[in-house]
Structures are given as structure tokens and as C-alpha cells.
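The values are calculated or read from the model by the stated rules, or taken from the named source; none is laboratory data. What you see is a predicted model; the values in this text were computed from it and never measured. In this analysis, Cβ positions are derived from the backbone assuming ideal geometry, glycine residues included, and neighbour counts consider all displayed protein chains. Only protein heavy atoms, including side chains, enter the accessible area calculation; ligands, DNA and RNA are left aside. Shrake-Rupley method; radii C 1.70, N 1.55, O 1.52, S 1.80 Å.
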Amino acid sequence: MSFELLREEIVDAGLCQGCGLCAGSCKHVEMDVRRPTLKDYCILERDGQDCGKCYQNCPQVIQKKFKEKQPLAIYSLRSKDPEILDKASSGGFVTTFAKELLENKSLKEIVMVQEEDEKPTAEIVSDPNEVVQKAGVIYGRSGVLQRLVELTGETFDPIGIVGVPCEMRGAAELEEDMNREILKIGLFCSSQMRTEQTDKGLVCSPCCNGCPSGVNAQGYISLIRQGKYQDAVDLIRENNPLPSICGRICTNECEHGCTLIGDDHPVAIRELKKFVTEWEIERAKNASKTKTKSIKNAKKIAIIGSGPAGLTAAFFLRRMGYAPTIFEKTDQTGGMLRFGVPQFRLPNYVLDYDVGRIIDSGVKIILNKPLGPEMTIDNLKKDGFEAIFIATGQYKPRTLHLEGENLPNVHVAISFLMDRKYRYWENKEEFKGKTLGIIGGGAVAVDVAQTALRLGADKVHLVDIMSQEQLELVLRDIPENEMDFMEYHFKTSTSKITQNKEEKLILNCYNIEWGNPDENGRSPLNKIEGSDYEIPVDFIVIAVGQAVDFEQIDAATNNKLEKERNRIRVNEITFETNIPGVFAGGDIISNSKAVAIAAIAHGKETAFSIDRYLKGESLMEGRFKIENSFFTGPKKPPKDYSLKPETLDAATEEISWSFEEIDKMFNEDMALQEARRCLSCNHFCTHCQDFPAIYSDLTAGEVGSKNGYTTVVVWTERGKALVEEAIEKGLFEQGKVDEEELRNAINLKSKRELMNFEKTPRQQVLDYITLQGSSTISDISRSIGIEPKKARYEALRLVQLMELEMKAEPGMEEPIFSIICD
């Protein structure tokens, strides 16, 4: 069993969790970018010496079927140390317990995950104070077992380890092999599995958790790596019916939590999505279309608006067996995706393709049919629609009510973009030799700037109250060669718009500084005295967002809809409004994030709610708010960004003032190269059965306790004695354990199927003798199909490992190998 076997079955298959036990077991293996690689050579491959420790010791290979094990005790505990409570999570038990073990000398050292340069790193900790100082770290690939191997080789003092279930399994094997007593403090499975959805493995890796719609990025990247491109697109579409669109304009928050950050750049997930969806679009050109047949007597659902939220809700409701109809007020589908996003960012054929797939699934779309006095909620109910989803978006331009906004050549962004996308954008010299000023510096402002440059503008000034750091996410998406024609005025406000004697427009600006937040968390803008200045321009565009036009909605709902901050108020879990059976989502609702992927998440969740509503089930039971689909304040830039290969970077460097798509895309070699960088985080967690870490002395986690307490499950007498001693010392408050919640979490995960690995020759030999009884090398070789020389070698190694015994007596043609009986 060489390192090559470990690479094929574990590393390349995306099952490695970066524990580092293989590197600790073999001096020829090292961890590189949080996965094992050969430092120099494998002794089996080079010298023919059998070893196999890297493979045999891997916790993913030695996984065992979950067997119900009765704990000795279960507690719900909360630390009494305020400093620990301030830093640690869910009650602070592990931090308090580890500190106590080091202070009272029960343990000399503990292998724990600590935060180093904002990433989880395995450390050997001996100072109790250090445990507290670095508390609250998120567990992840850290190499804890590699550090444990190092520690067992350095000291015979009492030691311990804190880790997740698979790491506890590896630590238990190491404890037996090394004949050492190691205190094993387990953690409930760290795949953020608190719901039925996530515990099924649908959302578990950092990239999946970062996606508001729960797209399994790790899963489809793994399929791309295997060349299964159609399967990859199908997997994306399970949670997002607009994959081609998102391959172009998604805010790619999935990349911001990539495990590679800190060691390497994150995987270019959006680029991979773009590659694989374009692959599907190309092949669809020669394929015959098949429309889904209508379902007789299906319940009718009305969806108002054909933007991303409406399209998504319709897609999922159709899959559930309903008959959704989308009513669109304009003559084209797509909402702001169609009218507001320039073609050089989102080509029409991409939008048409995704919408066409939804129509082909059986969704009906009626154009030129607005919600309003001519089509009210009551009208729709009378027509047999049993539920209604309002997803009309924001089309009403927002301004700052500045003096001079009504002057000639002052525009608002949404009208500016819509006019030039569908009316007279072919006037390529509209702004030739002109300068534009834009109030605003966000994504829409950049769309305006890029459009103006393509229509001949010489220069564009963008004025924004935000700092360069706050706008970093937007700035990163501007091609460097186009940025040369844009000038940002950061932390700058506009007081008024005037006109000079030459009839040039003037942006009257001044610098600002942000004040301290008030009790509501809002920071005031303070003018810096004496910082006033003017920016002369030929045209001005106000790009400070859009608002909801409630005139038609109020007429259709008889003014019954509750509003909050001029948007529709909804239950942020179910998306139901105050009117029963009427739901809303996308940009139109309060606290909306106003990006396509968030609207997609709203549409998907609304579909689940409507399904429950029509079945008479609870809309709330077992569901959680999708926090990252709502606005929670300005988003911090990620610690690092994905990179494109040099050849692709170069392809986007040449300036080309056309409305063709700006960014090129991966070719197949580039896509495969990028997909191989993915670590497939937590893929193994979707198959492992061990939620409570039964191989540990005790396990801690939040499931089974109320918020602020830690559930502690004790498995061994040693673990029980240490926990009881800590309780008697008064280190913890005790709460009530919800054993049913804990049992449900354990049972849910224990029902998963284990991964099946191809058996190694040694395992085949052992299994054959176990089933058939005493056997000769000839029997073994003939029956399992391996060479006699190899069968003899493996059988003799099993004898050395005390798993078989060999009987060889005078007169016997061949030795007989048998299982050792206890």
C-alpha cells in the first residue's frame, strides 16, 4: 500500500480532512497547502519495502460503522469565567476544561486548534492562559493528529487532544498503536450541521455555507475534476436554476471562506461555474428541446415578476408538482438582469438560456401583465390562484433631492442603463470627447461608467461617501485597463449640482469623515471644513440605488401590505407577508441584500413555504433564517481573492470598447487545473456516521443545550471523573439537557451510508481467510485473483501484525494460514 493509494482513494477523491496523521506517521510525507504530499519518495515505490502506514492510519480509511454506545453521563454546562464566555462559543466548556486540566497538572500538554494569522492551526499548548487567549477559533483543517504524533514521540507526560469525530478516531488508533494514554476531548461534528438539510450534507463545506442558496460548490467542482460536466451543472441547478447567469454576475461569496485562504488563493468557483454552464449551452445548440408535460389538476400559483426571485420560485414549485404562472409587466423576462445589467457583463443569450430552461420545465410566463388595479390580489384568487408571490423588484430611481437634479443632461442610473441597452446604445459616439460625473461608486455606478466609456466618453468621475477599503469588492471587478479612465473620489459627498457660464455641469463636492456610531449603529457623516471643490463634467448620472414603486402594488392589495422602510415586511424565514397566502421576496422586501443570488435564495425558500402553506403544514417548523440572504451591514472584503490563470488574465487586458462580454472564460485544461486545487472540504462529513465522537473520552457541542450552554457527553470513566471534579470545583453552571434533540442529531447522522473503498490485497487476503477458514497460498491466490508471490507476502505480513497464524509442518506441501483466535 503505497502513498499513491492514499493519493488516489483519499486525497484526489476529496476525502482528506487535513488531520496530518499520515505526515506524522511517515517521514517521507509532509503537509503542503493543508493536504499530504510526498516530501521525497515512497519507500514502497522506490525500494519495494512494504509500509502502508500513511494509508492504514488514515481516519477516513479506518472509518467504522456507527454502533450505538451508551454514554456514562450527559451534562449541560456553562463556564463561570466571564473572560472565557466573552471569547469562547456555546458555553465555553472546552476552554474552561482545558485550562483546568493544565492548571491542576492532570495534563502536561494538549494538542488544540489555535488561531494563527486568522486561520486554524494545530498547536501544542502547555500554558493555561494561552488556552483562554486564543479561544473561540473555528475548527478546520489544522493537522492536529500530526502534532499529536510529534508530541507522543517527545514526552511520556500525560497529554490530551481536542478534535472532531474523525480526528478522535485517528487518535484512538494512535493511542492503541503507541500504547499511550491520551485524553481525547471530542467535538460534535463540526460541519455546521444544525438542521436536517445541512446534516444530510447538502450544505457543509465553507463554500457551500457561503452561498445564500446553498449551492454545493464543493460537489460540482469535484464533478468537474472528474470530467462529469453535465452532472456538475445538474448539481448546481438543484439549488439554483440560474447557473449560467450566476457564472457571470454572482457576488461569489462562496469563495470568501475558502479553506485555501492563508495558504493559497481561493478556488475560482465562479469561473468554474461559468465554464461548465457554457459547456452545457454549447451542447444544447444541437440537442432537441423537450418540454415537460402539464400536470392535470395541479394547484395554481401566481408569481408577480420574472426576475431571479420569481423565476426561481416558479422553477421549484413546478418541480413540486404545482402550476406556477409568472406575470411580467414588461415585454421581456429577466427583470433587472435584463434591463439593468449591461450585455458586456451578462450577454442576452446567457439570460435567455436559463429562462428557456425554466419555461421548458413547464412554467408559464405571461408578458405585459402588471400587478395593479387591473390585476389585483383578489382577482388572482378568484381566478383560482391559491398562493401569490410578489417579486417585482425595485424600478423606481432614487435620488438625493439635490439642487440642480433637474438640469439638462442629469440622469438617473436605471433609466440611463435601460435606455442604452435597448434604445439607442448603438450610437457609439454619444459621449465622444465628453466627461461624465457619477454620484455613487457601487456596482451600478460602475455599470454606468463602463457603458459611457463604450459610447466614447474620455473620462468618468465617481463620487462616493465610502472609503476605498469599503468599496474594494466593487473595485476588484473593474478591469485594470478600464480603471485608467475612471477617477474615484472616495469619502466625498455632493452638496449640489450647478452649471457654469460655459453650460458645463458642476458637481459641488466636499470631503467627509465618518463619525462614531449612534445607539442604532448608524455613523454620521461629518463635513471636513475647507474641503469644498468642484468637478466640471458634461453629463451627470445619479447612481444611489432604486426604490420600490408601491403605487401599483398598493392598488392591487387595497393598501393592506405592511411595509418597513419603504419595502414589504415579511417573515424572514417563510417570506410570508401579513396577508395569508401572499408572499414576497427579492429586492422588494425589507433588509434585502439586493443581489441576484440572495433573490434566488428568497425564491427557493418561498417555494418551500408555499408548498407547506398549500398542504396546511407549519411554515416555520424546523426552518432557520438564511442570514446571508439579507443585508446585515457593509460587507467586509475577503482576506484574499481567486486568481485567473495568466493566459486568462492576459486575455482581458486588451482594451476593447465594445458591448461584447468583457471577461473570457476557462478552457478545459484551465478548468481542470483549477478544480484540482479544491480541497473538497467536509466531503467526508457527508458520509461519516459519527456525530458524537464516540471514540473520545468526552464530547462537547451545542446540540442538546439552550443557547449559551455546552452539552457534554461522557464516554469513559476517566472522562467522567475529570468532568465531575471540575463541576465540584464550581467551574460551571448546570443547565437542562434536551436528550431528544441530541438523540435525533445522533440518529440522523448514524443512518448515512459509509464510503466504500476498494479493498487492498492485504484486506482481501484477511477477508478471504476470515470467511473461508484456514487456507493455503494457492487457495488464496486462485480465489481472489492475485499472484501467489503477492498473496504470500501479504499473508506473512498479516502474521507479523498478529492477525493471522501460520502452521508449517514436515510433509505439508504448503503452510496453512488461519485467523488467530482469542
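Extending each Cα 7 Å along its Cβ direction at Glu733 and Leu525, get the distance between those two points in nm, one decimal.
Going from the Glu733 label point to the Leu525 one covers 4.4 nm.
Please list, in order, the residues from the stretch 368-383 whose amide nitrogen is less than 12 Å from a point placed 7 Å along the Cα→Cβ vector of Asn559.
none
Can you give the FRET efficiency to the nearest 0.05 for Ser783 and Lys65, using r as the Cβ-Cβ distance and R₀ = 35 Å?
0.85
With a 1.4 Å probe and every protein chain left in place, work out the accessible area per residue of the chain in Å², rounded to a whole number.
That works out to 46 Å² per residue.
Farthest toward the dipole's positive end in the chain, which of Tyr220, Leu183, Ala555, given Cβ charges of +1 (Lys, Arg) and -1 (Asp, Glu) about the Cα centre?
Of the options given, the answer is Ala555.
Could you rank Val537, Val737 by how accessible they are, 1.4 Å probe, largest area first?
Working: Val537 0, Val737 30 Å².
Order by accessible area, largest first: Val737, Val537.
Nearest 20 debye, what's the magnitude of the dipole of the chain about its Cα centre given +1 on Lys and Arg Cβ and -1 on Asp and Glu Cβ?
Using Cβ point charges on Lys, Arg, Asp and Glu, the chain gives about 2900 debye.
For Ile74 paired with Arg283, estimate the spin-label separation in nm (one decimal), with each label point 7 Å from Cα along the Cα-to-Cβ line.
4.8 nm
With all protein chains present and a 1.4 Å probe, how do Trp279, Trp715, Trp514 order by accessible area, largest first?
Details: Trp279 60, Trp715 20, Trp514 95 Å².
Result, largest first: Trp514, Trp279, Trp715.
Tell me whether the stretch 371-496 comes out rounded, prolate or oblate; compute the Cα gyration tensor, take square roots of the eigenvalues as a ≥ b ≥ c, and use a/c under 1.5 as the rounded threshold.
In terms of gyration-tensor shape, prolate.
Once you charge only the Cβ atoms, +1 for Lys and Arg and -1 for Asp and Glu, what is the size of the charge dipole of the stretch 1-150 about its Cα centre, to the nearest 20 debye?
Magnitude of the dipole: close to 620 debye.
Taking the Cα centre of the stretch 91-130 as origin, work out the dipole magnitude from +1 charges on Lys and Arg Cβ and -1 charges on Asp and Glu Cβ, in debye rounded to 20.
Value, rounded to 20: 280 debye.
First measure r as the distance between the Cβ atoms of Lys108 and Ile579, then evaluate 1/(1 + (r/R0)^6) with R0 = 60 Å and state the FRET efficiency to the nearest 0.05. Spell out each step's value before the answer.
Numbers: r = 65 Å, r/R0 = 1.08.
Plugging the Cβ-Cβ distance into 1/(1 + (r/R0)^6) gives 0.40.
Between Lys27 and Asp532, what length comes free when the chain is fully extended (0.36 nm per residue of separation minus the Cα-Cα distance, one decimal in nm)?
Taking 0.36 nm per residue and subtracting the Cα distance, the gain is 175.2 nm.
Defining a contact as two alpha carbons under 8 Å apart and six or more residues distant in sequence, what relative contact order in percent does the stretch 708-803 show?
20 percent
I'm spelling it out carefully: the read-out is Cα Rg over 2.2 N^0.38 Å, the candidates are (i) 1.39; (ii) 0.91; (iii) 1.11, and one was derived from this structure. Which label?
Correct label is (iii).
How big is the accessible area of Thr290 in square angstrom, nearest 10, if you roll a 1.4 angstrom probe over the protein chains?
Its accessible surface works out to 110 Å², give or take rounding.
Apply the a/c threshold of 1.5 to the C-alpha gyration tensor of the stretch 315-418 and tell me whether it is rounded, prolate or oblate.
oblate
Round to the nearest 0.05 the FRET efficiency obtained for Lys396 and Phe485 when R0 = 25 Å and r is the Cβ-Cβ distance.
Efficiency, rounded to the nearest 0.05: 0.25.
Could you tell me the relative contact order of the chain? Use alpha-carbon pairs under 8 Å, at least six residues apart, and round to a whole percent. Each step should come with its number before you reach the end.
Values: 1616 pairs, mean separation 139.9, N = 822.
Once normalised by length, the contact order is 17 percent.
Of Ile786, Leu346, Gly735, which is farthest towards the positive pole of the chain's charge dipole, taken about the Cα centre with +1 and -1 on the beta-carbons of Lys, Arg and Asp, Glu respectively?
Looking along the dipole axis, the top candidate is Leu346.
Write down, largest first, the equivalent ellipsoid semi-axes of the stretch 720-821 in whole Å, where each equals the square root of 5 times an eigenvalue of the alpha-carbon gyration tensor.
Working from the Cα gyration tensor, I get semi-axes of 49, 20, 11 Å.
Can you pull the percent of the chain's accessible area that's carbon plus sulfur, 1.4 Å probe, other chains left in place?
Values: 17460 of 37980 Å².
Carbon-and-sulfur percentage of accessible area, whole number: 46.
Lys/Arg Cβ at +1, Asp/Glu Cβ at -1, dipole of the stretch 240-368 taken about the Cα centre: which of Ile269, Ile281, Ala302 is farthest positive-ward?
Ala302
State the extension gain, in nm to one decimal, for the chain segment bounded by Asp477 and Asp669, taking 0.36 nm per residue of separation less the distance between their alpha-carbons.
66.7 nm
Assign one of three labels to the stretch 486-580, namely rounded, prolate or oblate, based on the Cα gyration tensor with a ≥ b ≥ c the square roots of its eigenvalues; rounded applies when a/c is under 1.5, prolate when it is not and a/b is larger than b/c, and oblate otherwise.
Verdict is oblate for the stretch 486-580.
Per-residue ellipticity at 222 nm for the chain, helices alone: DSSP H runs ≥ 4 residues times -39500 (n - 2.57), over residue total, nearest 500 deg cm²/dmol?
Taking each H run of at least 4 residues, the total per residue is -9500 deg cm²/dmol.
Divide, for the stretch 522-666, the radius of gyration over alpha carbons by 2.2 N^0.38 Å, where N is the residue count.
So the Cα radius of gyration is 1.49 times the expected 2.2 N^0.38 Å.
Contour minus end-to-end for Glu717 and Ala298, with contour as 0.36 nm per residue of separation and end-to-end as the Cα-Cα distance?
Taking 0.36 nm per residue and subtracting the Cα distance, the gain is 144.9 nm.
Sorted by average packing, counted as other Cβ atoms within 10 angstrom per residue and highest first, what order do 494-504, 298-308 take?
My ranking of the peptides, most packed first, is 298-308, 494-504.
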